[in-house]
Amino acid sequence: MGVTDAARLLAAYDSQLRCGAETPGAVSVARQGPLLLATLAGGYGFITYRDLGGAGLDAIGRVVSEALAHFTADAAIGQVEWKTRGHDHAPGLHEALLENGFVPAEPESIMLGEARALAVDVALPDGVTLRRVTEEADVRAMAAMQGEVFGDPEDSGERANAVLRRLARGDEIELWVAEADGNIVSAGRLDPVAGTDFAGIWGGATRAARRGRGIYRALTAERARAALRMGKTYINSDSTEYSRPILERAGFVKVSTTTPYNWKRVDGDGSR
C-alpha cells in the first residue's frame, strides 16, 4: 500500500474515528473548546479531540490545565486519560501534560486496513479452540487473563464491569477467546463504530507461552469475518509491538502513533 493509500486511511481515521466515535457508553460528555471530556463509569475521565485548532504553546498549556480542572472538580473521578496522536500539531503538549501530573504510557501504532485482508483461514494448534463469549463468568475470566498479560490485574474487575454494561445495553460488540485445556489463552474484542466504515479490534492479549503459534492471527481473522458480516469495510487497531507485525503482514498500514497520558488522583483535592 502506497503513500497515497496511507494518507487516505489516515484522513478516514481522523474524520470517522475521533471524538464522538471514541465515547460510546459515556455517562456524560462535555465540550471544552476543541476537546471532548467524557466521564465514564467507574470513576474514569477521558479526553480526546479531532485537533487542537492550531493552538500554540501558551494556549495548549491552558487547555490542559482547564481540562484537568473539569475532572478534579468531581471527587468521583480517580483517573483521567488524555489520548494523544503522533501526527497532531500540538507544540508543547507533552510538557504541559507532564506539568499537570499526567504520565505517558507506552506508545502504540495506529494500524488501519481492509477487513477482508484479515478474514483468512488460519490453522490453530492442536487442542486450541475459538468461541464467542457473552456470559458474565466468561467475560470476567477473559478480563482476568487480559489483566495478567497487560500487567494490570487490579483493573480486570472494572474492565469486565465496563464490558458487561455494554453487553447489557445491547451494544454491538463481540468478545472472542481462544481456549486450551479449559483455560483462556488469548482474547480480544470487536467494536464496530456506528455510522462509519470501521470496526475496531481491541484488547488483544495472548499468554506468553502461547505466542508465535497463530492463535492471535486466528482470533483476529474471526473478528474480521464478524466485521464483514456487520457491513464494515475497514479495521482499526491501536497495536502493541506484539500485534503490529501480524497486521503489517496482512497489508495493514501504520498511519501514526497514539500515546495515552494518565493522571491519577492521590488525595482528596485532586493535587498530586
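With charges only on Cβ, +1 for K and R and -1 for D and E, what is the dipole size of the chain about its Cα centre, in debye, rounded to 20? Walk me through the numbers before you get to the answer.
Details: 31 positive and 37 negative charges, 137 e Å.
So the magnitude is around 660 debye.
Per residue, what volume in Å³ does the Cα convex hull of segment 113-256 take up? Walk me through the numbers before you get to the answer.
Values: hull volume 16.0 nm³, N = 144.
Considering the Cα atoms of segment 113-256, their hull volume per residue is 111 Å³.
Taking 0.36 nm per residue of separation and subtracting the Cα-Cα distance, what length does fully extending ASP181 through ASP58 add? Write out the running numbers ahead of the final one.
On the way: separation 123, 0.36 × 123 = 44.28 nm, distance 5.69 nm.
Net length gain for the segment: 38.6 nm.
Sequence neighbours fewer than 8 away in the same chain don't count; with that in mind, list the lysines whose C-alpha is under 21 Å from LYS264.
Hits, sequence-local ones excluded: LYS83.
With θ set to phi - 60°, apply the Karplus curve 6.51 cos²θ - 1.76 cosθ + 1.60 along segment 228-236 and write out the HN-Hα couplings as whole Hz, x wherever there is a Gly or Pro.
Couplings: 4, 5, 7, x, 8, 9, 10, 10, 10 Hz.
Going by average Cβ density within 10 Å per residue, which order do the peptides 10-19, 227-236 take, highest to lowest?
Details: 10-19: 16.7, 227-236: 18.8.
Ranked by mean Cβ neighbours within 10 Å, highest first: 227-236, 10-19.
Remind me, relative contact order of segment 113-256 in percent, using alpha carbon pairs under 8 angstrom and six or more residues apart?
On the way: 237 pairs, mean separation 45.6, N = 144.
Across segment 113-256, relative contact order equals 32 percent.
So what are the ³J(HN,Hα) numbers for segment 44-58, from phi and the Karplus equation (6.51, -1.76, 1.60; θ = phi - 60°), rounded to whole Hz, Gly and Pro as x?
Those phi angles translate into 10, x, 9, 10, 8, 5, 7, 7, 9, x, x, 4, x, 4, 5 Hz.
Can you tell me the Rg and Dmax of segment 16-153, counting just the alpha carbons, in angstroms?
My reading of the Cα-based Rg and Dmax gives 18.8, 59 Å.
ALA227: net charge of surrounding residues, Cβ under 11 Å, Lys/Arg +1, Asp/Glu -1, itself excluded?
On the way: positive: ARG116, ARG223, ARG225, ARG229, LYS232; negative: GLU114, GLU172, GLU174, ASP191, ASP197, GLU222.
Summing Lys and Arg as +1 and Asp and Glu as -1 gives -1.
Simple spin-label model, 7 Å along Cα-to-Cβ: GLU241 to ARG31 in nm?
In this crude spin-label approximation the distance works out to 4.0 nm.
So, with +1 on the Cβ of K and R and -1 on the Cβ of D and E, and no other charges, what is the size of the charge dipole of segment 113-256 about its Cα centre, to the nearest 20 debye? Spell out each step's value before the answer.
Numbers: 21 positive and 22 negative charges, 85 e Å.
Rounded to the nearest 20 debye, it is 400 debye.
Given C-alpha coordinates of the chain, what is the ratio Rg to Rh with the Kirkwood estimate of Rh?
Rounded to two decimals, Rg over Rh is 0.96.
Looking at segment 165-272, which GluC sites (Glu not before Pro) are in a loop (DSSP not H, G, I, E or B) and have at most 16 other Cβ atoms within 10 Å?
Working: sites: GLU172, GLU174, GLU179, GLU222, GLU241, GLU248; in loops: GLU172, GLU241.
In loop regions of segment 165-272 (DSSP not H, G, I, E or B), the sparsely surrounded GluC sites (Glu not before Pro) are GLU172, GLU241.
Every read-out reported here was derived from the displayed coordinates using simple, explicitly stated rules and does not represent laboratory data. Note that the structure is a prediction, hence the values are computed from the model and not measured. Please note: Cβ atoms are built from the backbone with ideal geometry, for glycine as well, and neighbour counts cover all protein chains shown.
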